[in-house]
Amino acid sequence: MALTLDDVRRVAHLARIAVDDAEAEATLAQLTRVFGLIEQMQAVDVAGIEPMAHAQDMVLRLRTDAVTESDQRELFQQIAPEVEAGLYLVPKVIE
Amino acid sequence: MSNATLKELSAQLAAGTCSSVELTQEFLNKINRLNKDLGCFVTLDAARSLAQAQAADAQRAAGRAGPLTGIPLAHKDIFCARDWLTTCGSRMLENFVAPYDAHVVEQCNRAGMVTLGKTNMDEFAMGSSNETSYFGPVRNPWQRETVPGGSSGGSAVAVAARLAPAATGTDTGGSIRQPAALTGICGLKPTYGLVSRYGMIAFASSLDQAGPMARTAEDLALLLNVMAGHDARDSTSLEHPAEDYLRDLARPLAGLRIGLPREFFASGLAPDVQRAVESAIDEYRKLGATVVDISLPNMGLSVPVYYVLAPAEASSNLSRFDGVRYGHRAAGYSDLSDMYKRTRAEGFGAEVKRRILIGTYVLSHGYYDAYYIRAQKLRRLIAADFAAAFRQCDIIMGPTSPTTAFKLGEKSADPVQMYLSDIYTIAVNLAGLPGMSIPCGFDTGGLPVGLQIIGNYFAEARMLNVAHQYQRVTDWHQRAPEGMA
């Protein structure tokens, strides 16, 4: 499998990271090196092996359905780039 | 005083020969003198540290002091600490003041410890040399033109240069152990889930684990006693009964079976490192241990597996940085999508972007099974290798890092070379096992070598015992860089 510039642009779009042409070229060269390393995985037969998501194979706990958080909107919005009347502001999305 | 261990400082504070305010001031003075050169602290707030020290002295006067009350420590800048800048080494969080404390910080505060400052690190903990930090590199106090390792490079150097008696770190693929090895200090990555990840900025959630960094195994035990513990706010925090990690320190090592994986001593290991590690093993033989030849046949796959799983988890975790709720937002943009893209292009450095792109790719449609699921299957094989090995031995030993500290800039142009510097540490994270590094000698150029000690799940007390017994008969851990003791 060989990565292409289009792959880099497509993935950068999915990841919402702007890349210009020069960056895309440089990224392609480096990702190609990294995927050369990753491809070593393909040499092993993995038939019948269960994927391992977590070290301890633990099950997630359920907590009691009770309120545990207090309202800290003002505190948390102090660090937001742009807020108004308790709302986070973003560029207009509906014309 | 700055050369004293946590244990010695604890005794001095208890005896009243010094106060926490005096101790804190002494460390702050030393930091002021040396940090410009070393770059290990990114945020200092002397007034806040001294206020905490004053409160600790008052607590002691009131007869409510614990073993670490009044002792200063440094926190890796990945831990949220209320009202402290918490940057994670990134432009994205350059102005982020944490509105709450991480569980680890909360535990240290509750123990009466004093926050000396926040330490430099590779951006979002992605790096093995501390060179990806937005705030500049950290220099290794043993030789200023070499790296301290990473990602907890700032914490390692703060401890190695005696600017803090201990520090917190995090380890996703070696980020506590490798910098500990490269700077001649001790660091422990506990069993996955032993220390809460709450308030620790996430990189790869199934691998991230916090742990202590200090100058002796005994000090690691003291600090782990404070850091470990169940926390319901981290869904992967284990409900493991509290332990006293000091309890086994004095246990003799007669009968200990040390497994040496032959894969750890194959090609790629620097001769000086091999020599120092083999001398350490000889020392263990003298202490009554026996050595068993073992094999971890899938260990060679750990680096490729890690560079699928960790970036996949990172690409998901780092999607929260969107310029809306906190962190950097680009100044100019045309619409919402452009705002996200510019914000993330400006806020993240090259290595972080690279890993997000790798992760996005391996999780994208058509590639998920070939990469992500395959890597998870191989992860099970790697964990099974350790399970088989621990049927033959009690403890596994080997080098922490294939080389001693490398030069600044030496590996930063080639990501794969950099990734391979964690070849001996990554498998431990994938298996979720505890691992540590302790100093065991120097190379011919005078740079420290680390011995890696790997235990079975929840074997931290035994590992600390094994490390402590070695430190009773050797003095590598007492060596300090010139002019630092």
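Every number here is computed from the coordinates shown, using simple stated rules; none is lab data. Since the model is a prediction, treat every value here as computed from it, not as a measurement. FYI the Cβ positions are ideal-geometry reconstructions off the backbone, even for glycines, and counts take in every protein chain you see.
Across every pair of non-identical alpha carbons in the protein assembly as shown, the mean reciprocal distance, once inverted, gives a Kirkwood radius of 24.0 Å. Treating r as the C-beta distance of B:GLN59 and B:SER267 and R0 as 45 Å, the FRET efficiency rounds to 0.25. For region B:116-226, a Kirkwood radius taken over Cα pairs fed into Stokes-Einstein (10 °C, viscosity 1.306 mPa s) yields D = 118 µm²/s. In chain B, the calculated helix contribution to ellipticity at 222 nm averages -11500 deg cm²/dmol per residue, counting -39,500 (n - 2.57) for every DSSP H run with n ≥ 4. Using a Förster distance of 30 angstrom, determine the FRET efficiency expected from the C-beta separation of B:GLU283 and B:ASN3, and round it to 0.05. The formula returns an efficiency of 0.80 here. The residues A:THR4, B:THR360, B:THR183, when put in order of fewest to most other Cβ atoms within 10 Å, stand as A:THR4, B:THR360, B:THR183. Taking the fewest neighbouring Cβ atoms within 10 Å as the starting point, the ordered list for B:HIS468, B:HIS365 is B:HIS365, B:HIS468. Remark: region A:33-77 projects, on average over all directions, an area of 8.0 nm² (convex hull of Cα atoms). Only Cα sites of region B:429-481 enter the Debye sum here, all with the same form factor; the resulting log10 I(q)/I(0) across q = 0.14, 0.18, 0.22 1/Å is -0.42, -0.64, -0.84, listed in q order.
Taking a sphere under 11 Å around the Cβ of B:VAL291 and counting the other residues whose Cβ falls inside, with K and R at +1 and D and E at -1, yields a net charge of -1. Working value for chain B: equivalent-ellipsoid semi-axes of 31, 29, 21 Å, each the square root of 5 times a Cα gyration tensor eigenvalue, largest first.
Charge tally around A:GLN30: other residues with Cβ under 9 Å, Lys/Arg +1 each, Asp/Glu -1 each, net +1. Projected label points at B:VAL473 and B:VAL416, each 7 Å from Cα along the beta carbon direction, are separated by 4.3 nanometres.
Among residues other than B:GLY154 whose Cβ falls under 9 Å from its Cβ, what is the net charge (Lys/Arg +1, Asp/Glu -1)? Combined, the nearby Lys, Arg, Asp and Glu give +1.
For region B:204-286, what log10 I(q)/I(0) values come out of the Debye formula at q = 0.19, 0.20, 0.24 1/Å, with one point per alpha carbon and no solvent? Evaluating at q = 0.19, 0.20, 0.24 Å⁻¹ gives log10 I(q)/I(0) of -1.09, -1.10, -1.14. Per-residue Cβ neighbour counts within 10 Å put B:LEU163, B:LEU23 in the sequence B:LEU23, B:LEU163, beginning with the fewest. Relative to its Kirkwood radius, the Cα radius of gyration of region B:331-485 gives an Rg/Rh of 1.08.
The simple Förster model, with R0 at 45 Å and r as the Cβ-Cβ distance, assigns B:ALA388 and B:GLU94 a FRET efficiency of 0.45.
Computed over the Cα atoms of chain A, pair by distinct pair, the Kirkwood hydrodynamic radius stands at 19.5 angstrom. State the answer as a single residue: which of B:LEU260, B:VAL291, B:SER279 lies farthest towards the positive end of the charge dipole of region B:253-292, with beta carbon charges of +1 for Lys and Arg and -1 for Asp and Glu, about the Cα centre. The Cα lying farthest towards the positive end belongs to B:VAL291.
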